[in-house]
Amino acid sequence: MPNRFNRIISTGSTAAAFNTINQNFAQLDAEAVKKQFKDANGNSMISGNLGEELFGTSLLDSEGTGMFMGLYRANRFGTVYYFKGTPVGLDGMAPDDGRIGSWRAKPGQNVITLLGG
């Protein structure tokens with residue numbers, strides 16, 4: 001990945017060099033939390049801490065259709081399938097009591113909400 005980090009100018013001031021170094025480290029720190037890949041069609045894969053109790057890998061297209069694998073709620077793991085941003089399928093632990101199973105919602109319904117989450 002060329003030109004990923006800012007170059008340190010050898011003829012610049014020490015303060016400017018430290019600022020550039022700090023900006024480069026900030027980019028590395030952001031990667032320690034999550035890593036994102038996108039293609040030319042708007043599809044994305046994001047891995048790491050995704051916020052709102054999500055920790056895992058998300059694969060989504062530009063309309064929000066796809067899947068998430070990992071910790072989707074405190075102490076609940078599974079694979080959640082999305083259709084246009086709405087969770088419509090779950091393979092893993094139910095959000096209410098943690099039982100293991102596979103569930104699908106009818107179109108327009110949220111499978112997590114239906115299971116008490």
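Exposed loop positions in the chain were taken to be trypsin sites (Lys or Arg not before Pro) whose DSSP state is not H, G, I, E or B and which have at most 16 other beta-carbon atoms within 10 angstrom. Between these positions, the longest stretch is 8-83. Note on the chain: dipole from Cβ charges, positive end direction compared against GLY98, ILE8, GLN23; the farthest Cα belongs to ILE8.
Tell me which GluC sites (Glu not before Pro) from the stretch 42-98 have a DSSP coil assignment and no more than 10 other beta carbons within 10 Å of their own. Counting only loop positions with at most 10 other Cβ atoms within 10 Å, the GluC sites (Glu not before Pro) in the stretch 42-98 are GLU52.
Determine the shape class of the stretch 36-93: with a ≥ b ≥ c the square roots of the Cα gyration tensor eigenvalues, call it rounded for a/c under 1.5, and otherwise prolate if a/b is greater than b/c, oblate otherwise. In terms of gyration-tensor shape, oblate. Rounded to the nearest 20 debye, what is the charge dipole size of the stretch 1-87 about its Cα centre when +1 sits on each Lys and Arg Cβ and -1 on each Asp and Glu Cβ? Using Cβ point charges on Lys, Arg, Asp and Glu, the stretch 1-87 gives about 100 debye. Size descriptors for the chain (Cα atoms only): Rg and Dmax, in that order, 19.6, 64 Å.
Throughout, read-outs are computed from the coordinates displayed, never taken from laboratory work. Everything numeric in this text was worked out from a predicted model, so none of it was measured. Methodologically, a virtual Cβ is constructed for each residue, glycine included, from the backbone with ideal geometry; neighbour enumeration extends over all protein chains shown.
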